[in-house]
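Student: Could you have a look at this structure, given as structure tokens, before my questions?
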Amino acid sequence: MPVELDQVSYTYAPGTVFEAAALDRVTVSIEDGEFVGIMGHTGCGKSTMIQLIAGLLVPSSGKVLLDGCDINDGGYRRGELRKRVGIVFQYPEYQLFESTVEKDVAFGLKHLALNSAEVRSRVAWALETVGLNYGEICRESSLGLSGGEKRKVAIAGVLAMKPQILILDEPIAGLDPVARDSFMQLLDRLHNGGTTIIIVSHNADILGDFTRRILVLNKGSLVMDGAVKDVFSDVAQMEALNLDVSRPRKIAHLLGQRGVAIPQDIVRYEELLTALTHLKKSGGLP
Amino acid sequence: MLQNIQLVIDTAIADAYYMGKILYPENFKDIEPEKKINANHIPQTCGESENVSIFCDRVYWKAKTAMVMRSIDGKGISYSYAFEGSIDLSLDDVSICIAQGEMVAILGHNGSGKSTLVKHFDALLSLQKGSLKVAGLDANNTDRIWELRKKCGMVFQNPDNQFVSSIVDEDIAFGLENYDTPIEQIPSKVSEALALVGMSGFEKKSPHMLSGGQKQRIALASVLALEPEIIVFDESTAMLDPEGRKEVITTIRRLHDNEHKTIILISHYMEEAVFADRIYIMKNGRILAQGTPREILTDQVLLAEARLLPPLPVRIYYDLQKAGIILRHCPLTEEELVEELCRLN
Ligand SMILES: Nc1ncnc2c1ncn2[C@@H]1O[C@H](COP(=O)(O)OP(=O)(O)OP(=O)(O)O)[C@@H](O)[C@H]1O
Ligand SMILES: Nc1ncnc2c1ncn2[C@@H]1O[C@H](COP(=O)(O)OP(=O)(O)O)[C@@H](O)[C@H]1O
Ligand SMILES: [Mg+2]
Ligand SMILES: [Mg+2]
């Protein structure tokens, strides 16, 4: 089920002194099974955009379509939306409020008519998937976890729902480097299993390694939309938008400026490494 | 010999070394410049200064920590959230010593105990076991807890929940009032603090209208207004975009370089630790290692044991080595890497 935004605008608190235009006529279509990254500096409208997709905000104008149906139409079944679209908020730990980790992860499953064995196995699966030990952690209080652990539990709660579209707002902030990597591997597996993934992140390395397509927002408008290579190709433009390109891309760019003939479409670590070894062998490095 | 050393170590460091050696010989017995630095080690070109610079760094902090002015002096700290004497320790016999004016990064996997440790520094958690002095004050002494909190400020991760007022200057003034600052001094302290973080002119703005990096700098200004000796940043850049991250890191470095604040920086971004004077690595509630950024961040075995990853330039260095390409020095930053690559022959 493709997600489409059709000329979507959103203004917070219209008609008050706090009026803030957050999104301005954004049109974009995301197909089933895509792995899409969203970038843009603070306040450019990323969180607003994904809350619109998840049906948590209603557009001021324009339409949000899921499978061709307007999700804000009076007749649309909201329950379907909740089951199929999972969203991990920017500070997912604020979604935790139950007495144990197990109950927190199981919270969303209440509406899915599963028996208790199924619930337990889903919870265990979700916790193990985010790299936590089910047996060790299930009876602990969510509030007594470290920052990164809380974030993992909150993400597990969304994964347990097995949504077809998974939207994540800065999910890797606060995760340690290994957890960050294994979390992205997990998203990659879900993606390979057919889940549509939409991830907001400032981490260009991670987006470069895992996503196929990047959307760039600036002041509420969609200013770039394309394959990762293409979006990262113009380093100067990304800098002007105060955004990073992936570090392998940046290093290739710096080498290029020093007159080294290295390909300028490098995005990932392995690509950089291969190019450097190749250059050395062919005498391309000084 | 003295002459040689001063060729490579700037005078201040050498002075510190000799003073340290005289005052605290036992701290210096494993450092013998006469043996380690001889004419062969004197760098011919700047590129060969690596060994020397590692050495200097070590002498430098040894000298500094030896020289009495300790901002943090903790020994044998253990802590359990469950109850005292529990086997489930979040901190397990941690000793940490940070010199005044030093910038120290604490790295470690999720749940390794970083936040638990630094929460002891401003008495958000009270000591269960061990001893701790913060800016010379005993952390156990509950009578002086407010004095201690004034000396040791904290900036946290989430830029959105560190404000009490909807106007920037009121927010900063609030902290000052709490600490009984004479009312007539408040405006000047507020504007000095804002100037320190490069946010003069934002007095009457609402924090909620600012970017993430600006919010964090206002949170920092609130801390700075109290003129702390120590500032702890617990993942203060985690939620920021690249611009905000740069703003905050630049501000932190300026406070270290110019204001000589003691800085403690917790981060999951190894690149941010590169600029620290020293790094502590934590694992499962213990200190696994400490040393200069160069020592720690280029040690693949250590980082793997700590369940961390080396910075990207270090990874490239070792991966190129495997492919038979030897860079002369292991780079820590992207710029250093590019230099090394351009110098290959
Ligand atoms: N309030 C609490 N109650 C009980 N246990 C806690 C509490 N806070 C932390 N812990 C536990 O103490 C250990 C250390 O946590 P701490 O928050 O210090 O880790 P951290 O190194 O800061 O991790 P992160 O990188 O995820 O922020 C963890 O095992 C955690 O589960
Ligand atoms: N609840 C809110 N009330 C008023 N304005 C808001 C609210 N949430 C966001 N905004 C404003 O909308 C714009 C876009 O915000 P947001 O979508 O959160 O951006 P991002 O996620 O890209 O940082 C910003 O100008 C922000 O100040
Ligand atoms: Mg956001
Ligand atoms: Mg922490």
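Student: Amide H of B:Met103 versus every other amide H placed in the peptide plane: which residues, excluding those fewer than 5 positions away on the same chain, fall under 5 Å?
Tutor: So B:Met103 has HN proximity to B:Ile263, B:Asp277, B:Arg278.
Student: So what's the gap between the Cα centers of segment A:133-156 and segment A:78-110, to the nearest angstrom?
Tutor: Measuring centre to centre over Cα atoms gives 13 Å.
Student: Which of the peptides B:251-260, B:212-221, A:245-254, B:90-99 is most tightly packed, and how do the rest follow, going by the mean number of other Cβ atoms within 10 Å of each residue?
Tutor: Taking the mean over residues of other Cβ atoms within 10 Å, the ranking is B:212-221, A:245-254, B:90-99, B:251-260.
Student: Using only atoms on other chains, find how many Cβ atoms lie within 10 Å of each Cβ of peptide A:172-182 and report the average. Working shown, then result.
Tutor: On the way: counts 2, 8, 7, 4, 12, 11, 9, 5, 3, 1, 0.
For peptide A:172-182, the averaged partner shielding equals 6.
Student: So for B:His109, B:His208, what's the accessible-area order with a 1.4 Å probe, most first?
Tutor: Result of the area sort, largest leading: B:His208, B:His109.
Student: Right, here's the next one. Would you work out the relative contact order for chain A, in percent, from Cα pairs under 8 angstrom that are 6 or more residues apart? Intermediate values should be presented prior to the final figure.
Tutor: Numbers: 521 pairs, mean separation 60.7, N = 286.
Averaging sequence separation for qualifying contacts and normalising by length gives 21 percent for chain A.
Student: How far apart, in nm, are the 7 Å Cα→Cβ label points at B:Arg253 and B:Glu227?
Tutor: The answer from the label model is 2.8 nm.
Student: Also, I was wondering about something else. Size of the dipole of the protein assembly as shown about the Cα centre, Lys and Arg at +1 and Asp and Glu at -1 on the beta carbon, nothing else charged, in debye to 20?
Tutor: Roughly 840 debye for the protein assembly as shown.
Student: Based on the Kirkwood radius over alpha-carbon pairs, what is the Stokes-Einstein translational diffusion coefficient of segment A:59-101 at 10 °C with 1.306 mPa s viscosity, in µm²/s?
Tutor: Here the translational diffusion coefficient equals 123 µm²/s.
Student: With the radius of gyration and the Kirkwood radius both derived from the Cα set of the protein assembly as shown, what is their ratio Rg to Rh? Could the numbers behind the result be given before it?
Tutor: Details: Rg = 26.1 Å, Rh = 26.7 Å.
Result: Rg/Rh = 0.98.
Student: Ignoring ligands, DNA and RNA, what percent of the 1.4 Å accessible area of the protein assembly as shown is carbon and sulfur?
Tutor: The C+S portion of the solvent-accessible surface of the protein assembly as shown is 51 percent.
Student: What FRET efficiency comes out for B:Glu177 versus A:Val17 if R0 is 45 angstrom and r is the Cβ-Cβ distance? Round to the nearest 0.05.
Tutor: 0.95
Student: What's the FRET efficiency of A:Ser99 with B:Ala195 using the Cβ-Cβ distance as r and R₀ = 30 Å, to the nearest 0.05?
Tutor: The pair A:Ser99/B:Ala195 has a calculated efficiency of 0.05.
Student: Hey, another quick one. Leaving out ligands, DNA and RNA, calculate the buried accessible area for the pair A and B with a 1.4 Å probe, summed over both sides, in Å² to the nearest 100.
Tutor: Accessible area lost upon association: around 3600 Å².
Student: Work through the residues other than B:Lys133 whose Cβ is under 14 Å from its Cβ and net out their charges, Lys, Arg +1 and Asp, Glu -1.
Tutor: Within the 14 Å Cβ shell, the charges total -1.
Student: For peptide B:229-237, compute the average count of partner chain beta-carbon atoms within 10 Å of each residue's beta-carbon.
Tutor: 1
Student: Shifting gears a bit: Mind putting a number on the dipole of chain A about its Cα centre? Charges go on the C-beta only, +1 for Lys and Arg and -1 for Asp and Glu, and I need it in Debye to the nearest 20. Write out the running numbers ahead of the final one.
Tutor: On the way: 30 positive and 35 negative charges, 59 e Å.
Once rounded to the nearest 20, the dipole reads 280 debye.
Student: Determine by what factor the alpha-carbon radius of gyration of segment B:119-236 differs from 2.2 N^0.38 Å, reporting the quotient.
Tutor: 1.09
Student: Pull up the DSSP beta bridges for the protein assembly as shown and report the antiparallel fraction as a percent, rounded to 5.
Tutor: For the protein assembly as shown, the DSSP antiparallel bridge percentage is about 50.
Student: Using alpha-carbon pairs under 8 Å, 6+ residues apart, how would you state the relative contact order of segment B:70-287 in percent?
Tutor: Answer for segment B:70-287 is 30 percent.
Student: Per residue, how much accessible area does segment B:70-287 show when a 1.4 Å probe rolls over the protein heavy atoms, in square angstrom?
Tutor: Result: 40 Å² of accessible area for each residue.
Student: Here's another thing I want to ask about it. In what sequence, highest mean first, do A:256-262, B:309-315, B:181-187, A:224-230 appear when ranked by Cβ atoms within 10 angstrom?
Tutor: B:309-315, A:224-230, A:256-262, B:181-187
Student: Pairs A:Lys152/B:Lys189; A:Lys219/B:Lys205; B:Lys133/B:Lys283; A:Lys162/A:Lys250; A:Lys250/B:Lys205: which exceed 29 Å Cα-Cα?
Tutor: From the list (A:Lys152/B:Lys189; A:Lys219/B:Lys205; B:Lys133/B:Lys283; A:Lys162/A:Lys250; A:Lys250/B:Lys205), the Cα-Cα distance tops 29 Å for A:Lys152/B:Lys189; A:Lys162/A:Lys250; A:Lys250/B:Lys205.
Student: On a 20 Å Cα-Cα criterion, which of the cross-link pairs B:Lys204/B:Lys246; A:Lys46/B:Lys204; B:Lys119/B:Lys150; A:Lys46/A:Lys110; A:Lys83/A:Lys110; A:Lys280/B:Lys322 come out too long?
Tutor: Details: B:Lys204/B:Lys246 24 Å; A:Lys46/B:Lys204 27 Å; B:Lys119/B:Lys150 14 Å; A:Lys46/A:Lys110 29 Å; A:Lys83/A:Lys110 11 Å; A:Lys280/B:Lys322 13 Å.
Where the Cα-Cα span goes over 20 Å, the pairs concerned are B:Lys204/B:Lys246; A:Lys46/B:Lys204; A:Lys46/A:Lys110.
Student: If you don't mind, another one. Using only the Cα atoms of segment B:199-290, what semi-axes does the equivalent ellipsoid have when each is the square root of 5 times a gyration tensor eigenvalue? Give whole Å, largest first.
Tutor: 25, 15, 12
Student: Continuing with this model, one more query. Can you list the HN-Hα couplings for segment B:94-105, worked out from phi with the Karplus curve (6.51, -1.76, 1.60; θ = phi - 60°), rounded to whole Hz and with x for Gly and Pro?
Tutor: 8, 10, 8, 9, 10, 6, 4, x, 7, 10, 10, 9
Student: Also, I was wondering about something else. By how many nm would the segment from B:Ile145 to B:Lys205 lengthen if fully extended, with 0.36 nm per residue of separation less the alpha-carbon distance?
Tutor: Result: 18.4 nm gained on full extension.
Student: A follow-up question, please. What stretch of chain A, leaving out the sites themselves, is the longest with no GluC sites (Glu not before Pro) in a DSSP loop having at most 13 other Cβ atoms within 10 Å?
Tutor: A:32-286
Student: Hey, another quick one. Tell me, what HN-Hα J-couplings in whole Hz come from the Karplus equation 6.51 cos²θ - 1.76 cosθ + 1.60 at θ = phi - 60° for each residue of segment A:199-204, using x for Gly and Pro?
Tutor: With coefficients 6.51, -1.76 and 1.60, one gets 10, 8, 7, 8, 8, 5 Hz.
Student: Between A:Glu270 and B:Ser95, take the C-beta separation as r, use R0 = 51 Å, and let me know the FRET efficiency to the nearest 0.05.
Tutor: 0.80
Student: Can you bin every Cα-Cα distance in segment B:70-287 into 10 Å intervals starting at zero and give me the percent of pairs per bin, rounded to whole numbers?
Tutor: Calculated P(r), rounded to whole percents: 8, 34, 36, 18, 3, 0.
Student: Evaluate peptide B:105-114: per residue, the Cβ atoms of other protein chains within 10 Å of its Cβ; return the mean as an integer.
Tutor: 4
Student: For the pair A:Ser9/A:Ser29, report the inter-label distance in nm, with labels modelled 7 Å from Cα in the Cβ direction.
Tutor: 2.3
Student: Run through every distinct alpha carbon pair of segment A:1-139 and return the Kirkwood hydrodynamic radius in angstroms, one decimal place.
Tutor: Computed over segment A:1-139, the radius equals 17.4 Å.
Student: Using alpha carbons only, how many angstrom separate the centre of segment B:116-156 from the centre of segment B:209-277?
Tutor: Segment B:116-156 and segment B:209-277 have Cα centres spaced 20 Å from each other.
Student: Could you work out the helix-only [θ] at 222 nm for chain A, with each DSSP H run of four or more residues adding -39,500 (n - 2.57) and the total divided by the number of residues, to the nearest 500 deg cm²/dmol?
Tutor: My calculation for chain A gives -11000 deg cm²/dmol from helical runs alone.
Student: Which distance in nm do the two modelled labels at B:Asp160 and A:Ala117 give, with both placed 7 Å along the Cα-to-Cβ direction?
Tutor: The modelled label-to-label distance comes out at 4.2 nm.
Student: Take every Cα-Cα pair in chain A and report what % of them are more than 33 Å apart.
Tutor: 29
Student: Keeping every protein chain present and rolling a 1.4 Å probe, give me the accessible area per residue for segment A:19-170 in Å².
Tutor: For segment A:19-170, the solvent-accessible area averages 44 Å² per residue.
Student: A:Ser282 to A:Arg189: extension gain in nm, 0.36 nm per residue of separation minus the Cα-Cα distance?
Tutor: 29.8 nm
Student: Take the Cα gyration tensor of segment A:125-237, multiply each eigenvalue by 5, square-root it, and list the three semi-axes largest first, rounded to whole angstrom.
Tutor: Its equivalent ellipsoid spans semi-axes of 29, 15, 12 Å.
The values are calculated or read from the model by the stated rules, or taken from the named source; none is laboratory data. Keep in mind that this is a model prediction, so the values were computed, not measured. Note that each Cβ is placed from the backbone with ideal geometry, even for glycine, and that neighbours are counted across all protein chains shown. SASA here: full protein model, heavy atoms, side chains in, ligands and nucleic acids out. Shrake-Rupley method; radii C 1.70, N 1.55, O 1.52, S 1.80 Å.
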